[in-house]
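All remarks here apply to the structure that follows.
Laboratory data are not the source of any read-out in this text; all were calculated from the coordinates shown. If you're wondering where the values come from, they're calculated on a predicted model, not measured in any experiment. So basically every Cβ, Gly included, is an ideal-geometry build from the backbone, and we count neighbours across all protein chains shown.
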Amino acid sequence: MQSKFNNLANRENSADHFSITFAPLVWDEVYRLAEDPANGAIVVMSGTVRNQTGGEPVESLEYQAYEPMALNIFRQIAQEIRQKWQDTNKIVIRHRVGHLQIGEISVLVAVGCPHRSEAFAACRYAIDTLKHNAPIWKKEWFKNGSSNWVSIGACETDCD
């Protein structure tokens with residue numbers, strides 16, 4: 001499978017932007033990166049740190065990532081989007097790592113396409129696939145002082 005990731009990394013579309021960063025994510029910046037004169041729609045999905053999980057009050061979250069593989073997964077997602085929605089113009093995926101407070105943006109995904117239906121579908125595909133496949137882990141810190149690492153679907157099955 002590693003060769004598949006390397007192949008996809010070499011075929012990255014120069015219009016796309018991917019990053020994993022400790023810096024706060026800026027919605028306007030991601031939107032601007034997805035702009036293109038051929039777009040009829042840009043859909044941006046913003047994941048934020050919420051104040052509870054399953055009714056349990058959350059204090060904060062901590063994200064960690066295996067960056068080289070995660071970026072390759074982002075590239076693979078973009079490649080798959082372009083196979084499914086061939087008129088896609090731009091794809092932007094940015095994910096935070098480090099300690100995040102309630103209300104902070106943890107992930108931004110933007111997809112620019114000629115039509116809204118494909119932009120919505122491609123953006124949803126991107127975030128759903130990212131959450132299932134990218135080696136990014138989340139630790140929930142609860143107000144009662146406890147904490148819990150949330151597993152990633154792909155690593156539960158592939159990394160055991």
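Which value at 222 nm does the chain reach when only helices count, each DSSP H run of 4 or more adding -39,500 (n - 2.57), with the total divided by all residues and rounded to the nearest 500 deg cm²/dmol? Mind showing how you got there, number by number?
Values: 5 runs with 59 residues, N = 160.
Rounded to the nearest 500, it is -11500 deg cm²/dmol.
From the phi of every residue in segment 87-100, what ³J(HN,Hα) in whole Hz does the Karplus formula 6.51 cos²θ - 1.76 cosθ + 1.60 yield, where θ is phi - 60° and glycine or proline is x?
Values per residue, Gly and Pro as x: 8, 4, 8, 9, 9, 10, 10, 10, 10, 7, 10, x, 8, 10 Hz.
Indicate, rounded to the nearest 5 percent, the antiparallel portion of the DSSP beta bridges found entirely in the chain.
Values: 31 of 36 bridges.
Just about 85 percent of them are antiparallel.
Taking the chain as a Gaussian network, where each spring joins two C-alpha atoms under 10 Å apart, which residue of Trp27, Trp149, Trp137 fluctuates the most?
Trp149
Does anyone have the angle between helix 67-84 and the longest principal axis of the chain? Alpha-carbon axes, 0 to 90°, nearest 10?
Between the helix axis and the principal axis of the chain, the angle is about 40 degrees.
Over all directions, average the projected area of the Cα convex hull of segment 2-147 and note it in nm². Could you put the intermediate results ahead of the total?
Details: hull surface 35.5 nm².
Averaged projected hull area, Cα only: 8.9 nm².
Place a point 7 Å from Cα of Glu62 in the direction of its Cβ. Which residues in segment 87-129 have their backbone N less than 11 Å from it?
Taking a point 7 Å out along Cα→Cβ of Glu62, the residues of segment 87-129 whose backbone N falls under 11 Å are 98-100.
Choose one of Leu108, Val92, Ile81: the residue whose Cα lies farthest towards the positive end of the charge dipole of segment 2-147 (beta-carbon charges +1 Lys, Arg; -1 Asp, Glu; about the Cα centre).
Toward the positive end, the furthest listed residue is Ile81.
Please get the size of the charge dipole for the chain, origin at its Cα centre, with Cβ charges of +1 on Lys and Arg and -1 on Asp and Glu, quoted in debye to the nearest 20.
Details: 16 positive and 19 negative charges, 35 e Å.
In debye, rounded to 20, the chain gives about 160.
Which number gives the lysine pairs in the chain that have C-alpha atoms under 22 Å apart and are eight or more places apart or on different chains? Walk me through the intermediate numbers first.
On the way: Lys4/Lys84; Lys4/Lys90; Lys4/Lys131; Lys84/Lys131; Lys90/Lys131; Lys131/Lys139.
Lysine pairs, 8 or more places apart or on different chains, close enough: 6.
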